[in-house]
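Only one structure is covered here, and it is reproduced in the block below.
The values are calculated or read from the model by the stated rules, or taken from the named source; none is laboratory data. Small disclaimer: the values here were computed from a predicted structure and weren't measured. Neighbour counts run over all protein chains shown; Cβ positions are idealised from the backbone, glycine included. We work out accessible area using only protein heavy atoms, side chains counted, and drop any ligands, DNA or RNA first. Shrake-Rupley method; radii C 1.70, N 1.55, O 1.52, S 1.80 Å.
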Amino acid sequence: GCAEAHCGCEINGCLVDTQCDDGYVNCIIACALDPGDAGASPCMADCAQQYPRGKVEYDLAIGCVDRACPTECQ
């Protein structure tokens, strides 16, 4: 609820852009799920390089939630 109330624009910005939601988010999830990689920095850096706009939008959304809802999102 907090994220929706305070960060809807940022979250929706990521959700509606395929560079963010379909590209960057799916890429970092694959990094986290790869048992040989386990979310390692090189994999994440590769995602950022492949989807630079998506990473910016994701960081804006997550940063907003971190700032606006620190207690709710622990």
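So which residues in region 11-32 are among the polar types (S, T, N, Q) and more than 10 Å from the chain's Cα centre (by Cα)? Break it down stepwise before answering.
Initially, region 11-32 is screened for residues among the polar types (S, T, N, Q), giving 12, 18-19, 26.
Result: Asn12, Thr18, Gln19.
Do any residues in region 43-67 that are more than 13 Å from Asn26 (Cβ to Cβ) and touching a residue at least 24 places away in the same chain (Cβ under 8 Å) have Cβ atoms under 7 Å from those of residues that are open to solvent by 60 Å² or more (accessible area, probe 1.4 Å) and in a helix (DSSP H, G or I), where the two are at least six apart or on different chains, and which pairs are they?
Partner pairs satisfying both residue conditions: Ala48/Lys55; Leu60/Glu10; Ala61/Glu10; Cys64/His6; Cys64/Glu10.
Residues that are of a type in the set (Ser, Thr, Tyr) and at pLDDT 90 or above, at least 1 per element: which helices (runs of 4 or more DSSP H) completely within the chain meet that?
On the way: elements: 2-15, 26-33, 41-50, 52-68.
Helices (runs of 4 or more DSSP H) meeting the threshold: 52-68.
Quick check on my filter: what residues within region 19-45 are surrounded by 14 or more Cβ atoms within 10 Å (Cβ to Cβ) and not small (Gly, Ala, Ser)? Before you say what the answer is, go through the steps one by one.
So in region 19-45, the residues surrounded by 14 or more Cβ atoms within 10 Å (Cβ to Cβ) come out as 19-21, 23-28, 31, 37, 43-44.
The answer is Gln19, Cys20, Asp21, Tyr24, Val25, Asn26, Cys27, Ile28, Cys31, Asp37, Cys43, Met44.
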